[in-house]
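Dropping a structure here in structure tokens format, bear with me for questions.
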Amino acid sequence: MENKLISILIPFKNTSAYLPDCIESIISQNYQNWEIIAVDDHSSDKSRVIIEYYSSKDTRIKVLTNKGEGIISALRTAYNLSRGELMTRMDSDDIMNPNKLNILASALKKHGKGHLAVGGVQYFSDRGISNGYERYERWLNKLTARGANYSEIYKECVIPSPCWMVYKKDLEECGAFEHNRYPEDYDLAFRFYEKGLQCIPCSEILHRWRDYDSRTSRTSEHYAQNYFLEIKLYYYLKLHHDNSRPLTVWGAGNKGKGIARDLIKQKIPFYWLCDNPKKIGKNIYGEELRHFNYLHELKKPQSIVTVANEEAQEMIKNFFTNLGQYPMVDYFFFC
């Protein structure tokens, strides 16, 4: 059977130092039925010249100018002109491993529509990778190897933005890139989850994720932590919140306070819990902080947990287990 056409959407802006490596890694794929739709988000360096050079040598590579501004508009521009039955996205500063397209497309061919092909990722940098990125890479790849990405979707983005592939019809049903909610990759991951696309397990590293100081996720205001909290709470309230059950927020650090402020703003009642003796009994934003044992007094509570410490998280999981409660049903870790 002929390989299906893969549309590779590449928004780019001022990544001239990395674009040749990116494009060469696609040209070198052992799966060759693809098209690149590269959209220039108003670059001021030589990025456009580089892409146009490759386009002049390979008719599979198309170059467009973003009709608006920003990565969502660029993705939308690319998507609207895509012809492939299979869709994926690529970051213009990253590198594909040679078998990436083949493995993702083969997984979709085997499992069919209603599935999401994902792969392992590896950060790389000239200066080395921070402990935070190492932890994120390890955590993400562990989930991907089991196809259990959604099980911890409220912690971080569980679908790596440049290492997924999906049938175009499924992407369309998820809203593709019509939403204007940032971070756009996290929002799309939630919509994959909402529409029930099943993650196909993959234990192979397929994508090399470049880290450097000026990358968009480090410099854009849209990727600040407050946006992560907003998008997590938005989808929790949309997909999981049962307003017939009492809601609790466990944790009174910055993230707990951020969630509390948003709930108060939306006039959603909640009980605020913590395990810090110095904070129990205090009043913040007009809400009293109670000891977490207060959960015993509530009937079928749902809980948002904003405690980041890993040891404390294990204690919290055990506490909920003893209450007969389950993750992603009764309690949700937001960090």
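Once you have the Cα-Cα distance between Asn254 and Asn309, take 0.36 nm times their residue separation minus that, and quote the gain in nm to one decimal.
Values: separation 55, 0.36 × 55 = 19.80 nm, distance 1.33 nm.
This chain segment gains 18.5 nm when fully extended.
Something else now. Where in region 121-150 does the amide nitrogen come within less than 19 Å of the point 7 Å from the Cα of Asn99, taken along Cα to Cβ?
121-123, 141-142, 144-147
At 7 Å along Cα-to-Cβ for each site, give me the label-to-label distance between Ala148 and Asn3 in nm.
Calculated label separation equals 3.3 nm.
Lysine pairs in region 240-333 with alpha-carbon atoms under 17 Å apart, 8 or more places apart or on different chains: how many are there? All intermediate terms of the calculation are to be shown ahead of the outcome.
Details: Lys255/Lys265; Lys255/Lys279; Lys257/Lys265; Lys257/Lys267; Lys257/Lys278; Lys257/Lys279; Lys257/Lys282; Lys300/Lys317.
Close lysine pairs under the 17 Å cut-off: 8.
Here is a follow-up. Given the C-alpha atoms of region 253-329, compute the convex hull and give its volume per residue in Å³.
So the per-residue Cα hull volume is 104 Å³.
Next question. Which lysines does Lys110 reach when only Cα atoms under 26 Å apart count, and residues fewer than 8 places away in its own chain are ignored?
Lys4, Lys100, Lys142, Lys168, Lys169, Lys195
GNM, the chain, Cα, under 10 Å: largest mean-square fluctuation among Glu311, Glu194, Glu172?
Judging by the Gaussian network model, the answer is Glu311.
Just to confirm the filter: which GluC sites (Glu not before Pro) across region 1-92 are DSSP coil and have at most 16 other Cβ within 10 angstrom of their Cβ?
The qualifying sites are Glu2, Glu69, Glu85.
Follow-up question, since we're still on this one. Once R0 is set to 30 Å, what does the formula 1/(1 + (r/R0)^6) return for the Cβ-Cβ distance between Asp21 and Lys109, expressed as a FRET efficiency to the nearest 0.05?
Once the sixth-power term is evaluated, E becomes 0.60.
Set Lys and Arg Cβ to +1 and Asp and Glu Cβ to -1, take the dipole of region 240-333 about its Cα centre, and tell me which of Phe320, Gly253, Ile284 lies farthest positive.
Positive-most Cα among the choices belongs to Ile284.
What is the magnitude of the charge dipole of the chain about its Cα centre, with +1 placed on the Cβ of each Lys and Arg, -1 on the Cβ of each Asp and Glu, and no other charges, expressed in debye to the nearest 20?
Taking the Cα centre of the chain as origin, the dipole is about 660 debye.
Going 7 Å from the Cα of Asn80 along its beta-carbon direction, which residues of region 49-67 have the amide nitrogen within less than 15 Å of the resulting point?
The answer is 64-67, whose backbone nitrogens lie closer than 15 Å to the label point.
Now for a different question. At Gln198 and Ser28, where each label point lies 7 Å from the Cα along Cα→Cβ, what is the point-to-point distance in nanometres?
3.5
Region 160-214 to region 78-107: how many Å between their Cα centroids?
Cα centres, region 160-214 to region 78-107: 11 Å.
If you don't mind, there's one more thing I want to ask. For region 6-223, divide the Cα radius of gyration by the Kirkwood radius and give the resulting Rg/Rh value with two decimals.
My calculation puts Rg/Rh at 0.93.
For the chain, what proportion of DSSP beta bridges, expressed in % and rounded to the nearest 5, is antiparallel?
Given both bridge residues lie in the chain, the antiparallel proportion sits at roughly 20 percent.
Working out 0.36 nm times the residue gap between Leu323 and Ser56, then minus their Cα-Cα distance, what length gain in nm do you get to one decimal?
My answer for the length gained is 89.7 nm.
Using 1/(1 + (r/R0)^6) with R0 = 35 angstrom and r between the beta carbons of Thr65 and Ser125, what's the FRET efficiency to the nearest 0.05?
0.70
What whole-number distance in Å separates the alpha-carbon centres of region 223-273 and region 31-59?
When both Cα centres are located, 42 Å separates them.
Quick note: the coordinates plus some simple rules give every number you see, no bench work behind them. Everything numeric in this text was worked out from a predicted model, so none of it was measured. Cβ sites come from the backbone with ideal geometry, for glycine too, and all protein chains shown count toward neighbours.
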